[in-house]
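Structure, as structure tokens:
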Amino acid sequence: MPNQLVADPESEDDLEENKRMKKLRLYWQRSTRVPVIADALTRDLFSRLRNNLKVVDNMAVLEADQLADRLWKVRPSVERMRRTCLSLPREENVQEATEGSSRNPGYVDRG
């Protein structure tokens, strides 16, 4: 039987990861540098954080939940931020401002 090339799923994953990392490296390259990111942390520190930071256990989330929620990997952080925002005191005049802005400013009563 002649030698056949069999696609190795691990090597395919490695190729995809290499493509993603090349795109991420653009943030630190001179011609495509993004100062907000590049000034805040080094490329190597970003890579270490990205590879080691886990917000949720992938095995603890059902596949159906993963498909239903595009933010499932960061959902705990999003929910914590939401709860924090909701717990902040609201100014009294916020309701008045939102009620007044609900009217359509382009509406003209021709009756």
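Assorted remarks:
- Under the Karplus curve 6.51 cos²θ - 1.76 cosθ + 1.60, θ = phi - 60°, whole-Hz ³J(HN,Hα) for region 30-39, x wherever Gly or Pro sits: 4, 6, 10, 4, 10, x, 4, 8, 5, 7
- Length released on extending from residue 77 to residue 58, taking residue separation times 0.36 nm less the Cα-Cα span: 5.4 nm
- Between residue 65 and residue 24, residue separation times 0.36 nm minus the direct Cα-Cα distance comes to 12.0 nm.
- Karplus-based coupling profile of region 70-76, in residue order and whole Hz: 5, 9, 4, 6, 10, 3, x, with θ = phi - 60° in 6.51 cos²θ - 1.76 cosθ + 1.60 and x standing for Gly or Pro.
Any read-out appearing in this document is the output of simple, stated calculations on the displayed coordinates, not a laboratory observation. All values derive from a computational prediction rather than experimental measurement.
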